[in-house]
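Asks: One structure, as structure tokens, below. Some questions next.
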Amino acid sequence: MPEDKFNVSKSVAFINSPVAQDVYVLCPPDFFSGKLFMQALKDRKSSHSLNSCDISEIQLSSLLWAANGVNRNIANSNGSGMRTAPSVKNFQEIEVYVFILSGIYQYDASSHQLKLLRAGDYRKDCGMQPFFAEVPLALCLVANFSRMGKFDEKKRNFYSGTDAGYVSQNIYLYCASEGLATTACGLIDRKHLHQLLFLNNAKAMLSHPVGGL
Ligand SMILES: Cc1cc2nc3c(=O)[nH]c(=O)nc-3n(C[C@H](O)[C@H](O)[C@H](O)COP(=O)(O)O)c2cc1C
């Protein structure tokens with residue numbers, strides 16, 4: 001890796017900056033770091049004491065890609081690419097929102113960019129447990145029902161729940177692989193999150209604080 005690229009990807013400047021950016025182009029994920037798959041499974045767990053820690057840009061990039069990034073561009077993917085997490089009928093309805101010091105961003109998997117939704121530090125609003133105020137970043141998994149075609153409410157709720165679970169497990173395994181702490185949190189203030197994220201015909205499914213072990 002060229003030296004300037006190395007410095008950018010190891011940088012913690014973006015996550016630690018209080019200044020929001022309208023669009024943030026993530027560096028490519030690192031496909032060569034982390035533990036062996038079986039070791040990551042062995043280490044996967046829900047952590048209920050999460051600490052502050054430095055998360056580099058390449059870890060943020062890799063975490064989001066692992067969660068629900070584009071891993072295949074094939075003919076029938078309508079140009080938007082296929083994902084690391086499966087979804088019913090390839091609806092790709094699970095969207096990932098990123099809460100960091102400078103603001104709330106939406107992860108755009110196709111371009112591997114973060115798009116600013118709201119400036120300001122709302123990390124503690126991502127969940128209801130105290131560790132959300134300690135961690136450098138938190139993710140909220142949202143089911144965008146407008147992507148789910150003609151599914152009735154029962155089907156929509158069942159499949160968005162399963163699909164959020166796949167993304168959640170990807171987050172767990174990436175964190176286990178990198179020695180980071182996380183837990184899936186269903187205990188979230190959905191009404192508040194829906195307002196904060198300007199959600200319409202969508203539901204906040206799970207939040208994931210991400211910090212140090
Ligand atoms: C759908 C779901 C929702 C959860 N919600 C919470 C939560 O709101 N708060 C929390 O501290 N842990 C939450 N957990 C974590 C579970 O308590 C944890 O997975 C369980 O105790 C088993 O521990 P393990 O993940 O370390 O195997 C949730 C887990 C799942 C799968």
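Asks: Quick one: Debye curve from the C-alpha atoms of the chain, no solvent, what's log10 I(q)/I(0) at q = 0.14, 0.17 Å⁻¹?
Replies: Evaluating at q = 0.14, 0.17 Å⁻¹ gives log10 I(q)/I(0) of -0.81, -1.24.
Asks: Follow-up. Measure off 7 Å from each Cα along the Cα-to-Cβ vector at VAL19 and ASP43, then give the distance between these two points in nanometres to one decimal.
Replies: Distance between label points: 3.5 nm.
Asks: In percent, how large is the relative contact order of the chain, given Cα pairs closer than 8 Å and 6 or more residues apart?
Replies: On the way: 443 pairs, mean separation 56.5, N = 213.
It comes to 27 percent, rounded to a whole number.
Asks: In the chain, which helices (entire DSSP H runs) extend 18 Å or more along their own long axis, judged by Cα positions, while averaging at least -1.0 on the Kyte-Doolittle scale?
Replies: Once both thresholds are applied, what remains is 153-178.
Asks: When the helices in the chain are scored as -39500 (n - 2.57) per DSSP H run of 4 or longer and the sum is shared across all residues, what 222 nm value do you end up with, to the nearest 500 deg cm²/dmol?
Replies: -9000 deg cm²/dmol
Asks: Further question: Rank ALA176, ASN16, LEU141 by how far each Cα sits towards the positive end of the charge dipole of the chain (+1 on Lys, Arg Cβ; -1 on Asp, Glu Cβ) and give me just the farthest.
Replies: LEU141
Asks: Further question on the same structure: How large is the accessible surface per residue of region 117-187, computed with a 1.4 Å probe and reported in Å² as a whole number? All intermediate terms of the calculation are to be shown ahead of the outcome.
Replies: Details: 3060 Å² over 71 residues.
Each residue of region 117-187 exposes 43 Å² on average to a 1.4 Å probe.
Asks: What accessible area per residue comes out for region 17-85, rounded to a whole number of Å², with a 1.4 Å probe?
Replies: Result: 58 Å² of accessible area for each residue.
Asks: Where is the GNM fluctuation largest for the chain (alpha-carbon springs, 10 angstrom cutoff): LEU137, LEU36, LEU64?
Replies: Comparing LEU137, LEU36, LEU64 in the GNM, the peak value goes to LEU36.
Asks: Also: Roughly how many percent of the accessible protein surface of the chain is carbon and sulfur, given a 1.4 Å probe and a whole-percent answer? Don't jump to the answer; show the numbers that get you there.
Replies: Working: 5510 of 10420 Å².
After summing per-atom areas, the C and S share lands at 53 percent.
Asks: Let me ask another. Charges on Cβ only, +1 for Lys and Arg, -1 for Asp and Glu, centred on the Cα centroid of region 3-212; of MET38, ASN51, LEU101, which one is farthest towards the dipole's positive end?
Replies: Projecting each Cα onto the dipole axis, the largest value belongs to MET38.
Asks: Which FRET efficiency value, to the nearest 0.05, is calculated for SER33 and ASN90 with the Förster distance at 35 angstrom and r the Cβ-Cβ distance?
Replies: 0.75
Asks: Just to be sure I understand the model, the point goes 7 Å from the Cα along the line to the Cβ. What's the resulting ASP189 to ASP121 distance in nm?
Replies: 1.7
Asks: Using unit Cβ charges (K, R positive; D, E negative) and no other charged atoms, how large, in debye to the nearest 20, is the dipole of the chain about its Cα centre?
Replies: The dipole magnitude comes to about 760 debye.
Asks: Same structure, new question: Please report the spacing between the Cα centers of region 12-38 and region 159-213 in Å, no decimals.
Replies: One Cα centre to the other: 17 Å.
The values are calculated or read from the model by the stated rules, or taken from the named source; none is laboratory data. Keep in mind that this is a model prediction, so the values were computed, not measured. Positions of Cβ are generated from backbone atoms using ideal geometry, with glycine treated the same way; all protein chains shown enter the neighbour counts. Heads up: the accessible areas ignore ligands, DNA and RNA and are worked out on the full protein's heavy atoms, side chains in. Shrake-Rupley method; radii C 1.70, N 1.55, O 1.52, S 1.80 Å.
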